[in-house]
1. Taking 30 Å as the cut-off for C-alpha to C-alpha distance, list the pairs among Lys250/Lys335; Lys250/Lys301; Lys214/Lys301; Lys2/Lys183; Lys183/Lys335; Lys2/Lys335 that go past it.
2. Return an integer: the convex hull volume of the alpha-carbon atoms of the stretch 172-327, in Å³ per residue.
3. Using only helices, what value at 222 nm comes out for the chain when you add -39,500 (n - 2.57) per DSSP H run of length 4 or more and divide by the total residues, to the nearest 500 deg cm²/dmol?
4. Taking θ as phi - 60°, what are the ³J(HN,Hα) couplings along the stretch 140-146 by the Karplus curve (6.51, -1.76, 1.60), each to the nearest whole Hz, with x for Gly and Pro?
5. Using amide H atoms built in the peptide plane, which far-off residues or other-chain residues are under 5 Å from Phe326 H to H?
6. What is the sum of charges around Ala227, taking Lys and Arg as +1, Asp and Glu as -1, for the other residues whose C-beta is under 14 Å from the C-beta of Ala227?
7. Compute the helix-to-body angle for 42-58: its Cα long axis versus the longest principal axis of the chain, expressed 0 to 90° and rounded to tens.
8. Could you go through the stretch 195-201 in sequence order and give the Karplus-derived ³J(HN,Hα) for each residue, using 6.51 cos²θ - 1.76 cosθ + 1.60 with θ = phi - 60°, rounded to whole Hz, and x for Gly and Pro?
Amino acid sequence: MKLATLRDGSRDGRLVVVSRDLTRATGVPHIARTLQAALDDWAHVAPRLRDVAEMLEAGVEPTERFHERTALSPLPRAYQWADGSAYVNHVELVRKARGAEMPESFWEVPLMYQGGSDTFLAPRAPIQVADEAYGIDCEGEVAVIVGDVPMGADIDTCRAAIALVMLVNDVSLRGLIPAELAKGFGFFQSKPSSAFSPVAVTPEVLGEVWDGGKLHLPLEVDLNGEAFGRANAGVDMTFDFPQLIAHAAKTRALCAGSIIGSGTVSNKGPDGDPGKPVSEGGAGYSCIAEIRMIETIASGKPSTPFMRFGDTVRIEMRDADGHSIFGAIEQTVEKA
């Protein structure tokens, strides 16, 4: 089934079940008013929501027109947002561009940071930034929402805890990152609010492209209407979602509604090289920083600018028939 949260004047919006073609929706206040309320009692609520989804597809459920522009992020705020860096190719490029060696442990233990989760942007909301000098970047990712995960959970338990899958634009302010990381205390100002896709889907909707831990489809990232990234989310993912969840739950329990991100989707080239832009027949990139790293490695300095006021990013994923699965994140940068 597919779920979304629509604006209703409250902070957390109202939960709706969405048709598979993303054209119709039906409210479910008699089952759960919000997505978080549904996740808090997922074992009992999910079967009832699936019944509504089946009736919606059969045309026997009262519906309203679903418009992506009226959707909030599926969880407009969450108890936990932990973003990994599962595509070690991306990390390797970052370090190589600044002449740093890659520790072997990066291939064995995931990187992860705890992001701000008190406010997420709607998928069509502008990215408001005070200064272009902050180095405004998009990051196309996949994320999962989990049910309750006990501390020290094993991989099978973590896999079973995955309730929903969605897309992310993890906005980064690259110009602020070096100074923050140099203090040895992690991200804060350099990681403003993220945005998630209009719709979150249960794993069974994805069919064969979901293997229980990875989503094997290209992630489409367009900048100002031009194809920028088409990296396959199931390729070069060193740590799958059950591994990321287990890492997050090593020393704490995760409550229902916690969000775990994959980190920037990144593919190597066919010969193990950093890969080429889409315009040159490559898979391209899911963030601007990555092409700037490659430019730095090749010529000593980057030539692609970060996003400027008025620039637009669109992030989407389509099934084998070309239909949008999660709807699109489409955001324009504005001066705050």
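The values are calculated or read from the model by the stated rules, or taken from the named source; none is laboratory data. Given the structure is predicted, the values throughout are model-derived calculations rather than measurements. Please note: Cβ atoms are built from the backbone with ideal geometry, for glycine as well, and neighbour counts cover all protein chains shown. The protein model used for the area step is the full one, side chains on, heavy atoms only, and it has no ligands, DNA or RNA in it. Shrake-Rupley method; radii C 1.70, N 1.55, O 1.52, S 1.80 Å.
1. Numbers: Lys250/Lys335 40 Å; Lys250/Lys301 40 Å; Lys214/Lys301 34 Å; Lys2/Lys183 42 Å; Lys183/Lys335 28 Å; Lys2/Lys335 34 Å.
As for pairs spanning more than 30 Å Cα to Cα, those are Lys250/Lys335; Lys250/Lys301; Lys214/Lys301; Lys2/Lys183; Lys2/Lys335.
2. Dividing the Cα hull volume of the stretch 172-327 by its residue count gives 162 Å³.
3. Values: 8 runs with 69 residues, N = 336.
Helix contribution divided over all residues of the chain: -5500 deg cm²/dmol.
4. Values, residue by residue: x, 9, 10, 9, 10, 10, 10 Hz.
5. Residues meeting the amide H criterion: Met317.
6. -1
7. In the chain, helix 42-58 runs at an angle near 80 degrees to the longest axis.
8. My calculation for the stretch 195-201 gives 10, 10, 4, x, 10, 10, 10 Hz in order.
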